[in-house]
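Here is the structure we will look at, set down as C-alpha cells.
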Amino acid sequence: MEPFAGELVTDALRELGVDVRTGVNPTRVDRDEHGLVTTTLDDGTTVVTSEVLAATGRSAHTKDLGLETVGLTPGDWLQVDDTMLVQGTDWLYAVGDANHRALLTHQGKYQARAAGEAIAARHQGSPLHTEPWGAHVATADHAAVPQVTFTDPEVASVGLTEAKAREQGLNVRAVEYELGNVAGASLQADGYTGRAKMVVDEDRGVVVGVTFVGQDVAEMLHAATIAVVGEVPVDRLWHAVPAYPTMNEIWLRLLETYGRPE
Ligand SMILES: Cc1cc2nc3c(=O)[nH]c(=O)nc-3n(C[C@H](O)[C@H](O)[C@H](O)COP(=O)(O)OP(=O)(O)OC[C@H]3O[C@@H](n4cnc5c(N)ncnc54)[C@H](O)[C@@H]3O)c2cc1C
C-alpha cells in the first residue's frame, strides 16, 4: 500500500479521537479486577482499554484436509501455477486464500474461473492458453489486484505501488494529486479530503498502479483496473475524457501532472 494511504486514514482516526500509536510494541498486558486491560508499551507508556484485539496476519487453514495423503504438508499454503494446478500434482487445483496468491474474495472467484476453464480444456484435450492474460491463467494476480479498505476515508488501489514497482526493477515515475481539488469532490462532500497516485512504467508508457484515498473512492477503482489490465498507453488515456463535474476528473489532473508524452 502507498504510505500516504495509512497517513490519511490515521489522520481521520485521530480526528475522531482515536489514540493511534505507531512504532511501539506491547511488552506486557494485565487485566484488573474491574475487567480493564492495561497494556504496557516498550516506550514505558501504558494504555488502558476494555479489550485487546491482536491482528497478526493470516496462516493457511489446510491442516485438516488430509494433504499428507497426497504428499503435501498439512498447514502449508498450496503452491500453484497460473492455472491453479498444485505444484507436484497433475489433478489437484487450489483457488482462493489456500494458494496465498491474492487473499481477496474477488481474486478467489477469478482464479476459480481460470481453473475451471483449465480443467475443462485439459479434460477435453483442447489447447491451453497459458500465456499472460490467456483464458486459462490468473495473470491479474501478479499485475492488477484491485482492493478496497473500507475505512473512512476509503483506500482503493490496483496494481503496483511505486515502491513495489521499483523493487521489481521497473523504470517508473509516479504523480500524486489532491482529490479535494477536483470539481466533483466539492459535490461529494464539503471540505473533501483525499489523494490519488498514478504509477507509470516509463519504458512501456503504461499505468502499472493507481491508489485513491477518500470518501467513496471504491467506485472509481474499476476504471483504474481496466487501465492497468488493458495496459492502455498513457497518451491514449488523454482521450478517455472524464465527465464534468465528476470525481473521475482526477484522471485528467493526474495526466496533467505527469505531462503529455512528446
Ligand atoms: C476480517 C476480514 C475482512 C475481509 N474483507 C474482505 C473484503 O472486504 N473484500 C474481499 O475481497 N476480501 C475480504 N477478506 C478476504 C476474504 O474473506 C477471503 O479472501 C475469502 O473469503 C477467501 O475465500 P476462500 O473461499 O478461499 O476461503 P474461505 O472464505 O475461508 O472459505 C473456506 C471455507 O472452507 C471451509 N473449510 C475449511 N476446512 C474445511 C474442511 N476440512 N472441510 C470442509 N470445509 C472446510 C471453511 O469453513 C470455509 O467456509 C476479508 C478477510 C477477513 C479475515
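Laboratory data are not the source of any read-out in this text; all were calculated from the coordinates shown. Note that the structure is predicted; figures quoted are calculated from it, not measured. Don't worry about glycine lacking a Cβ; one is built from the backbone with ideal geometry, like all the others, and counts go over all protein chains shown.
Below are the figures for this structure:
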| item | result |
| --- | --- |
| Residue ID - nearest to LEU8 (Cα to Cα), chosen from residues in the stretch 117-159 that are charged (D, E, K, R) and in a loop (DSSP other than H, G, I, E, B) | ASP152 |
| Residues (surrounded by 11 or more Cβ atoms within 10 Å (Cβ to Cβ), among the hydroxyl-bearing types (Ser, Thr, Tyr) and closer than 20 Å to ALA94 by Cα) located in the stretch 27-76 | SER59, THR62, THR73 |
| Residues within the stretch 176-212 that are closer than 11 Å to TRP251 by Cα and of a type in the set (D, E, K, R), tallied | 2 |
| Residue selected from the stretch 56-76 under the condition within 14 Å of the ligand (Cβ to nearest atom), among the polar types (S, T, N, Q) and part of a loop (DSSP other than H, G, I, E, B), by the criterion farthest from the chain's Cα centre (by Cα) | THR62 |
| Residue among GLY66, GLY57, GLY75, GLY44 that alone is in contact (Cβ under 8 Å) with a residue 12 or more places away in the chain and at positive phi | GLY75 |
| Any chance GLU167 is under 28 Å from PRO3 (Cα atoms) and out of contact with any Lys or Arg (no Cβ under 9 Å at 6 or more places or on another chain) | yes |
| Number of positions in the stretch 180-215 that are surrounded by 17 or more Cβ atoms within 10 Å (Cβ to Cβ) and more than 15 Å from the chain's Cα centre (by Cα) | 14 |
| Answer residue from the stretch 83-100, given it is out of contact with any strand residue (DSSP E or B) (no Cβ under 7 Å at 6 or more places or on another chain) and surrounded by 16 or more Cβ atoms within 10 Å (Cβ to Cβ) and is farthest from VAL229 (Cα to Cα) among those | ALA98 |
| Entirely in the stretch 164-240, the helices (runs of 4 or more DSSP H) that have 2 or more residues that are among the β-branched types (Val, Ile, Thr) | 221-229 |
| Residue satisfying all of: in the stretch 77-106; under 21 Å from the mean Cα position of the chain (by Cα) and not in a loop (DSSP other than H, G, I, E, B); farthest from the ligand (Cβ to nearest atom) among these | VAL80 |
| Members of the stretch 137-148 that are polar (S, T, N, Q) and either within 12 Å of the ligand (Cβ to nearest atom) or touching a Ser or Thr at 6+ places or on another chain (Cβ under 6 Å) (or both) | GLN147 |
| Subset of the stretch 114-127 [surrounded by 15 or more Cβ atoms within 10 Å (Cβ to Cβ) and either within 16 Å of the ligand (Cβ to nearest atom) or not basic (Lys, Arg) (or both)] | ALA114, ALA115, GLU117, ALA118, ILE119, ALA121 |
| Subset of the stretch 3-19 (residues that are more than 16 Å from the chain's Cα centre (by Cα) and either surrounded by 15 or more Cβ atoms within 10 Å (Cβ to Cβ) or at positive phi (or both)) | LEU8, ALA12, GLY17 |
| Output for the stretch 149-167, where each listed residue is within 16 Å of the ligand (Cβ to nearest atom) and surrounded by fewer than 17 Cβ atoms within 10 Å (Cβ to Cβ) | THR149, PHE150, THR151, ASP152 |
